[in-house]
Amino acid sequence: MRKLILPVSILAVILALVVLAPVLPLADERAMDIPHRFAGPSMAHWLGQDEFGRDVLTRLIYGARASLSIAIGSALAAALIGTALGLLGGYFRGIVEIFTVRAAEIVLCLPPLLLALLVVTIFGAGFWPLILALTLLYTPNYARVVYAATLQVRALDFVTAQRALGTHPLQIVVRTMLPNVLPPLVVQISLVIASAIVIESGLSFLGLGVVPPTPSWGLMIRAARGAMEQAPLLLLWPSVALAGTILTFNLLCDRLQSVLDPRAVPAGGAIWLRRRRTAPPAPRTAPDEDARNDAPADLLSIAGLTIALDRPGGIGSGMELVRGVGFAVRTGETLALVGESGSGKTLTSLAVTGLLPDVLGVTGGTATYRRRDGAVVDLLAQDEDGHRRLRGDEISMVFQDASAALNPVHRIGDQLTEVILAHRAIGRAAAKREAVELLGRVGIPDAERRARAYPHELSGGQRQRAMIAIAVANQPKLLLADEPTTALDPTIQAQILALIAGLKRDNPEMGVVFVTHNLAVVAEIADRVCVMYAGEVVEEGPVATVFARPRHPYTAALIGSVPEGDAERLVAIPGTVPAPGHMPPGCSFAPRCDHAVAACREAPPPEFSPEPGRRTRCLRFEEVT
Amino acid sequence: MLRYITYRSLVAVFLVWIVVTLVFLLLHLVPGDPAEVLLSQGSTAADPQAVANLRQRLGLDDPLWLQYAHHIGGILTGDLGTSFRDGAPVAGQIVQRLPRTLEVIVTAALIAVLFGVPAGTLAAVRAGGWIDNVISFLSSLALSTPVFVVGSVVILIFAQELRLVPAGGYVPFAVDPARHVLLLLMPAGTVALALWAVVARMSRGSVLDVLERDYVRTARAKGLKRRRILRRHVVRNAMIPVLTVLGLEMGTLIGGTVLVEFVFNWPGLSGYLVSAVDARDYPEVVGIVMVISILFVFLNLVVDIVYAVLDPRISLSR
């Protein structure tokens with residue numbers, strides 16, 4: 001609401017001047033003083049005198065009177081008629097809609113100024129023709145806005161309920177609908193007033209609006225143009241008054257919009273696009289040299305990864321969504337990252353590629369990655385450019401929703417060629433050939449023709465195949481697949497899984513991180529599984545042994561909740577995942593855990609290794625199964 | 001695609017028919033005798049003999065359906081009647097003046113896009129920064145200053161005070177190309193200012209919207225260079241709604257250059273319209289309004305088709 005203070009107070013001053021003009025100690029707006037024509041500012045005439053020696057300040061204020069009464073008058077008249085049409089059309093629909101909203105829209109077929117001129121031709125210039133023209137002009141705007149708002153409100157439950165109760169339609173429209181469509185209406189009124197002032201002053205400027213000697217800003221500018229040589233300031237005053245008033249109304253409209261519809265506040269752009277990093281990378285523990293040597297076969301090794309909300313001064317800044325996550329992926333291995341939505345599995349994979357949303361930031365940890373050339377780098381310490389060189393080449397991603405992840409306005413083939421050309425120095429024609437080949441390899445029939453198709457022309461399964469083709473185009477060393485089958489039909493899911501398995505056979509060096517919440521998929525595709533819960537890794541190990549004997553109650557519960565043919569009953573996990581910022585002091589799963597004891601609730605459990613190659617974060621892992 | 005264009009064209013033809021009928025009806029909807037209304041000046045009653053003459057010239061004594069048939073027939077054959085003032089055919093004047101008006105509009109649109117798209121994109125990329133604030137303030141100012149104010153101030157500064165340019169006028173391109181362009185740039189630049197603001201604001205909003213899309217993340221995941229992402233995946237997609245709005249704005253401008261043509265003494269269609277309205281020369285006004293409205297409808301049609309070409313999803317949804 002504080003945003004409205006500025007425009008509203010300026011408008012209050014303008015309106016007060018306009019309303020009080022007759023009682024203010026002003027000169028007579030029509031009193032001529034020919035000997036002093038074009039006199040400059042003086043004590044008696046603050047802004048000087050015009051071509052007939054009349055007081056400019058007085059005429060400026062009386063001009064506002066004409067402009068504003070025409071603009072506000074017609075804006076309100078149009079609002080009244082337009083709202084009635086929009087409400088009726090939106091509420092009753094059908095034939096009523098045709099005779100109200102659609103009929104009003106015919107006016108929109110004519111350019112606005114033309115319609116006004118047409119009215120002036122028929123009725124001549126003057127105050128009332130202007131009001132009529134502007135009312136006619138703006139009625140459809142209101143009708144449309146109110147109509148759209150009415151349609152929305154109409155579908156709401158309380159309106160349906162009233163209709164079911166047999167309330168008279170007009171009563172519903174006036175008592176229930178009208179208050180609900182008021183916010184967009186108010187915005188529209190301020191917009192229309194500004195626009196009406198523009199048209200009114202324009203017509204007056206042409207000599208087709210307000211009739212002299214009544215003062216009007218448009219007329220004043222018209223007269224001042226003729227006297228530019230003698231008194232250039234005469235042009236300035238009405239111009240400033242006019243532009244200032246319109247600016248104020250526009251400002252009011254903008255502010256009203258942001259107050260009435262806070263969701264419309266735009267996002268903050270994209271930090272990755274700005275050359276300079278806005279914040280230096282947070283200090284992190286340096287990659288441990290020994291640890292690197294211990295696991296020479298590791299392709300990617302994440303340790304202590306912490307991701308937090310990173311909006312300086314924003315709500316919940318510093319709140320940790322992922323805490324101390326660590327796991328390793330070996331060359332040629334498939335690791336499944338499993339957990340409920342909100343467990344942080346997607347964020348983890350995005351952090352590795354530097355694609356976290358702007359509001360999130362990595363606040364700790366390392367992700368050492370062994371490049372093709374053998375060099376070891378910390379992925380979390382890369383800037384956008386460092387990430388860029390790896391992304392799509394060595395490390396690539398497949399996203400969940402291929403229809404949103406593919407650009408709708410580019411052909412599939414071009415989107416594929418693009419990633420090849422970004423990392424390899426080959427010709428465009430060669431890249432195109434390769435793109436078609438790739439499409440064939442991922443199982444898209446008639447690849448030659450399909451390469452020329454747009455994403456919307458493909459089926460959901462084919463889009464995901466194209467997405468995978470993009471990901472594997474440069475023979476990546478690491479493929480991060482973020483729920484690539486979740487949005488697909490079960491039969492298509494199986495085909496996509498088979499495709500990924502097939503691609504792994506073609507490229508046995510490729511490590512895969514497969515993010516999913518589907519344990520059946522894990523059993524089918526993964527070598528090892530890493531279970532995440534509330535932003536932490538709770539258990540990790542080879543798929544076969546973890547499934548055979550889970551060492552964390554959460555894993556056990558997840559396995560228990562998978563529908564299987566021979567299962568006696570499905571076990572749902574009671575309770576919900578704790579919200580970030582409301583983590584229990586001890587084990588984050590303790591509130592939902594059957595095995596929890598007092599010790600579980602006191603401090604976060606450390607990591608245990610029940611057997612080589614397995615980890616769990618449970619004090620009672622011995623007793624779980 | 002062809003089906004879509006056919007469908008949209010039929011809608012356009014229908015709209016043109018509505019406009020033509022509306023303009024016809026407008027005179028007849030006026031309460032009282034239209035001839036008398038047209039001839040009256042303020043409170044002075046019209047001369048009965050003149051009213052009778054005008055009724056005859058406008059064919060107002062014929063039955064309404066016959067008048068309507070004449071009206072439609074005239075438009076189909078390109079006969080828009082003759083002027084009250086000098087008896088010259090209205091169509092001839094329009095053919096001569098329309099290209100000059102279109103020249104101003106197209107030049108203004110080019111200038112607006114040339115400066116508006118980069119400004120809006122820059123503002124979006126630096127959203128919340130000082131560049132964004134400056135561009136946002138400038139565009140508010142440009143949107144709030146009517147063209148005739150801008151035009152008058154331009155003349156005051158550049159022609160009157162600095163004496164860099166003439167105060168307006170027109171020279172055919174064939175006579176003096178350089179002077180033609182100079183004289184064109186003043187009205188076009190003035191119109192472009194407000195248009196620039198519209199394009200910049202739309203571009204900013206649209207780019208911000210596109211930056212949030214998944215496919216931009218995909219483009220980043222591909223390891224494309226910043227400039228390429230911005231050009232091919234952000235601005236290319238963001239331009240679709242911007243161009244639509246620009247097209248619609250240009251349509252409005254066909255009738256809206258009235259003021260700027262008046263200010264710069266540019267002999268386009270609109271100046272003709274103003275003098276016709278001033279003289280209340282009904283056939284001239286109707287002829288011009290009709291031509292502009294038809295252009296307006298067809299420009300909207302072209303915008304729709306271009307939109308469909310730019311966004312391949314559109315044509316399928318119809």
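The values are calculated or read from the model by the stated rules, or taken from the named source; none is laboratory data. Being a predicted model, the structure only gives us computed values, none of them experimental. Note that we place each Cβ from the backbone using ideal geometry, even for glycine, and neighbour counts take in every protein chain shown.
Find all pairs meeting these conditions: Cβ atoms under 9 angstrom apart; at least six residues apart or on different chains; first residue within region B:91-119 and over 14 Å from residue B:273 (Cα atoms) and touching a residue at least 12 places away in the same chain (Cβ under 8 Å); second residue of a type in the set (Lys, Arg) and buried (at least 19 other Cβ atoms within 10 Å of the Cβ).
So the pair list comes out as B:116/B:201; B:119/B:204.
Would you say residue A:139 is buried (at least 24 other Cβ atoms within 10 Å of the Cβ), of a type outside the set (A, V, I, L, M, F, W, C), at pLDDT 85 or above and closer than 21 Å to residue A:187 by Cβ? Talk me through it step by step, then tell me what you get.
Values: buried (at least 24 other Cβ atoms within 10 Å of the Cβ): yes; of a type outside the set (A, V, I, L, M, F, W, C): yes; at pLDDT 85 or above: yes; closer than 21 Å to residue A:187 by Cβ: yes.
Judged against the criteria, residue A:139 is a match.
Could you grab the pairs with beta carbons closer than 8 Å, sequence gap of 6+ or different chains, first residue in region A:604-625 and over 18 Å from residue A:328 (Cα atoms), second one among the β-branched types (Val, Ile, Thr) and assigned to a loop (DSSP other than H, G, I, E, B)?
Pairs found: A:619/A:597; A:620/A:597.
So residue A:393 clears everything in (1) in contact with a strand residue (DSSP E or B) (Cβ under 9 Å, 6 or more places away or on another chain); (2) within 14 Å of residue B:219 (Cα to Cα); (3) outside any helix (DSSP H, G or I) except one condition, right? Which one?
Single failed check for residue A:393: (1).
Here is a list: A:30, A:59, A:65. Which entry is charged (D, E, K, R), over 30 Å from residue A:107 (Cβ atoms) and part of a helix (DSSP H, G or I)?
Numbers: A:30 fails: part of a helix (DSSP H, G or I); A:65 fails: over 30 Å from residue A:107 (Cβ atoms).
Exactly one of A:30, A:59, A:65 is charged (D, E, K, R), over 30 Å from residue A:107 (Cβ atoms) and part of a helix (DSSP H, G or I), namely A:59.
Which of (1) among the hydroxyl-bearing types (Ser, Thr, Tyr); (2) free of Cβ contacts under 8 Å to residues at least 40 places away in the same chain; (3) assigned to a strand (DSSP E or B) does residue A:417 not meet, given it meets every other one?
Against the list (1) among the hydroxyl-bearing types (Ser, Thr, Tyr); (2) free of Cβ contacts under 8 Å to residues at least 40 places away in the same chain; (3) assigned to a strand (DSSP E or B), residue A:417 comes up short only on (3).
If I ask for residues that are more than 9 Å from every other protein chain (Cβ to nearest Cβ) and under 10 Å from residue B:197 (Cβ atoms), which ones from region B:137-153 would you list?
Of everything in region B:137-153, those that are more than 9 Å from every other protein chain (Cβ to nearest Cβ) and under 10 Å from residue B:197 (Cβ atoms) turn out to be B:138, B:139, B:142.
Filter region A:142-154 for residues that are surrounded by fewer than 23 Cβ atoms within 10 Å (Cβ to Cβ) and either modelled with pLDDT of 85 or more or within 10 Å of residue A:104 (Cα to Cα) (or both) and give the result.
The answer is A:144, and nothing else.
I need every pair where a residue in region B:61-76 that is farther than 14 Å from residue B:25 by Cβ and free of Cβ contacts under 8 Å to residues at least 60 places away in the same chain has its Cβ under 7 Å from the Cβ of a residue that is of a type in the set (A, V, I, L, M, F, W, C) and surrounded by 11 or more Cβ atoms within 10 Å (Cβ to Cβ), sequence separation at least 6 or different chains.
Between residues of region B:61-76 that are farther than 14 Å from residue B:25 by Cβ and free of Cβ contacts under 8 Å to residues at least 60 places away in the same chain and residues that are of a type in the set (A, V, I, L, M, F, W, C) and surrounded by 11 or more Cβ atoms within 10 Å (Cβ to Cβ), the close pairs are B:74/B:80.
Within region A:236-246, track down each residue that is within 8 Å of another protein chain (Cβ to nearest Cβ) and buried (at least 24 other Cβ atoms within 10 Å of the Cβ).
Matches in region A:236-246: A:242, A:246.
With respect to the numbered conditions (1) over 24 Å from residue B:240 (Cβ atoms); (2) more than 14 Å from every other protein chain (Cβ to nearest Cβ); (3) in contact (Cβ under 8 Å) with a residue 12 or more places away in the chain, which one is the sole condition not fulfilled by residue A:451?
For residue A:451, the failing item is (1).
Run down A:533, A:554 and say which single residue is at pLDDT 80 or above, of a type in the set (Ser, Thr, Tyr), in contact with a strand residue (DSSP E or B) (Cβ under 8 Å, 6 or more places away or on another chain) and closer than 18 Å to residue A:343 by Cα. Outline the logic, then answer.
On the way: A:533 fails: in contact with a strand residue (DSSP E or B) (Cβ under 8 Å, 6 or more places away or on another chain).
Among A:533, A:554, only A:554 is at pLDDT 80 or above, of a type in the set (Ser, Thr, Tyr), in contact with a strand residue (DSSP E or B) (Cβ under 8 Å, 6 or more places away or on another chain) and closer than 18 Å to residue A:343 by Cα.
Kindly provide the set of residues from region A:323-340 that are touching a helix residue (DSSP H, G or I) at 6+ places or on another chain (Cβ under 8 Å), closer than 25 Å to residue A:586 by Cα and at pLDDT 90 or above, ordered by number.
A:325, A:337, A:338
Please pick out the residue among A:610, A:580, A:585, A:605 that is at pLDDT below 85 and either crowded, with 16+ Cβ neighbours inside 10 Å or more than 23 Å from residue A:482 (Cα to Cα) (or both). Even if it seems obvious, please write down each step before you answer.
Values: A:610 fails: at pLDDT below 85; A:585 fails: at pLDDT below 85; A:605 fails: at pLDDT below 85.
None of the other options fit; the residue is A:580.
Residue check: is residue A:63 crowded, with 21+ Cβ neighbours inside 10 Å, within 27 Å of residue A:162 (Cβ to Cβ) and either within 14 Å of another protein chain (Cβ to nearest Cβ) or under 37 Å from the mean Cα position of the chain (by Cα) (or both)?
Details: crowded, with 21+ Cβ neighbours inside 10 Å: yes; within 27 Å of residue A:162 (Cβ to Cβ): no; either within 14 Å of another protein chain (Cβ to nearest Cβ) or under 37 Å from the mean Cα position of the chain (by Cα) (or both): yes.
Judged against the criteria, residue A:63 is not a match.
Rundown of residues vs (1) of a type in the set (Ser, Thr, Tyr); (2) modelled with pLDDT under 90; (3) under 26 Å from residue A:548 (Cβ atoms), yes/no style:
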residue: A:481; (1), (2), (3): no, no, yes
residue: A:484; (1), (2), (3): no, yes, no
residue: A:490; (1), (2), (3): no, yes, yes
residue: A:493; (1), (2), (3): no, yes, yes
residue: A:510; (1), (2), (3): no, no, no
residue: A:517; (1), (2), (3): no, yes, yes
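Residue by residue through region A:351-363, note down the ones that are touching a residue at least 12 places away in the same chain (Cβ under 8 Å) and on the phi < 0 side of the Ramachandran plot. Even if it seems obvious, please write down each step before you answer.
As a first pass, look at region A:351-363 and keep what is touching a residue at least 12 places away in the same chain (Cβ under 8 Å): A:351-356, A:358-363.
Correct list: A:351, A:352, A:353, A:355, A:356, A:358, A:359, A:360, A:361, A:362, A:363.
Looking at region B:276-295, which of its residues are of a type in the set (A, V, I, L, M, F, W, C) and more than 7 Å from chain A (Cβ to nearest Cβ)? Lay out the reasoning, then the answer.
First, the residues of region B:276-295 that are of a type in the set (A, V, I, L, M, F, W, C): B:276-277, B:279, B:285-286, B:288-292, B:294-295.
Within region B:276-295, B:276, B:279, B:286, B:288, B:290, B:291, B:294, B:295 meet the criteria.
Mind checking which residues of region B:175-216 are free of Cβ contacts under 8 Å to residues at least 24 places away in the same chain and either more than 14 Å from chain A (Cβ to nearest Cβ) or outside any helix (DSSP H, G or I) (or both)?
B:175, B:176, B:177, B:178, B:179, B:180, B:181, B:182, B:212
How many residues are touching a helix residue (DSSP H, G or I) at 6+ places or on another chain (Cβ under 9 Å) and either surrounded by fewer than 17 Cβ atoms within 10 Å (Cβ to Cβ) or of a type in the set (Gly, Ala, Ser) (or both) when one looks only at region B:153-175? Don't jump to the end; show me each part of the working.
Just the residues of region B:153-175 that are touching a helix residue (DSSP H, G or I) at 6+ places or on another chain (Cβ under 9 Å), to begin with: B:153-156, B:158-159, B:164-174.
Right, trim to either surrounded by fewer than 17 Cβ atoms within 10 Å (Cβ to Cβ) or of a type in the set (Gly, Ala, Ser) (or both) and you get B:158-159, B:164-169, B:171-174.
Of the residues in region B:153-175, 12 are touching a helix residue (DSSP H, G or I) at 6+ places or on another chain (Cβ under 9 Å) and either surrounded by fewer than 17 Cβ atoms within 10 Å (Cβ to Cβ) or of a type in the set (Gly, Ala, Ser) (or both).
List the helices (runs of 4 or more DSSP H) inside region B:220-318, counting only whole elements, that have at least 1 residues being of a type in the set (Lys, Arg). Reasoning before the result, please.
Values: elements: B:236-256, B:258-263, B:269-278, B:282-310, B:314-317.
Of the helices (runs of 4 or more DSSP H) lying wholly inside region B:220-318, those with at least 1 residues that are of a type in the set (Lys, Arg) span B:236-256.
In region A:408-436, how many residues are surrounded by fewer than 16 Cβ atoms within 10 Å (Cβ to Cβ) and small (Gly, Ala, Ser)?
Looking only at that region, the number is 4.
For region A:209-229, check the following and say yes or no: at least one residue is at the interface with another protein chain (Cβ under 7 Å from one of its Cβ atoms), assigned to a helix (DSSP H, G or I) and within 42 Å of the chain's Cα centre (by Cα).
No, there is no match, as no residue in region A:209-229 is at the interface with another protein chain (Cβ under 7 Å from one of its Cβ atoms), assigned to a helix (DSSP H, G or I) and within 42 Å of the chain's Cα centre (by Cα).
Out of the residues in region A:397-406 that are outside any helix (DSSP H, G or I), facing another protein chain (nearest Cβ under 7 Å) and out of contact with any Leu (no Cβ under 6 Å at 6 or more places or on another chain), which is nearest to residue A:513 (Cα to Cα)?
Within region A:397-406, the subset outside any helix (DSSP H, G or I) is A:397-401, A:406.
Imposing the further condition that a residue be facing another protein chain (nearest Cβ under 7 Å) reduces the set to A:397, A:399, A:401, A:406.
Add one more test, that the residue is out of contact with any Leu (no Cβ under 6 Å at 6 or more places or on another chain), and what stays is A:399, A:401, A:406.
Details: A:399: 12, A:401: 17, A:406: 21 Å.
Among them, the one singled out is A:399.
So, in region A:1-19, exactly how many residues are among the hydrophobic types (A, V, I, L, M, F, W, C), surrounded by 11 or more Cβ atoms within 10 Å (Cβ to Cβ) and in contact with a helix residue (DSSP H, G or I) (Cβ under 9 Å, 6 or more places away or on another chain)?
The total comes to 10.
What helices (runs of 4 or more DSSP H), lying completely within region B:85-169, carry at least 3 residues that are under 23 Å from the mean Cα position of the chain (by Cα) and closer than 14 Å to residue B:202 by Cα?
On the way: elements: B:90-125, B:130-144, B:147-154.
Filter on region B:85-169 gives B:90-125, B:130-144.
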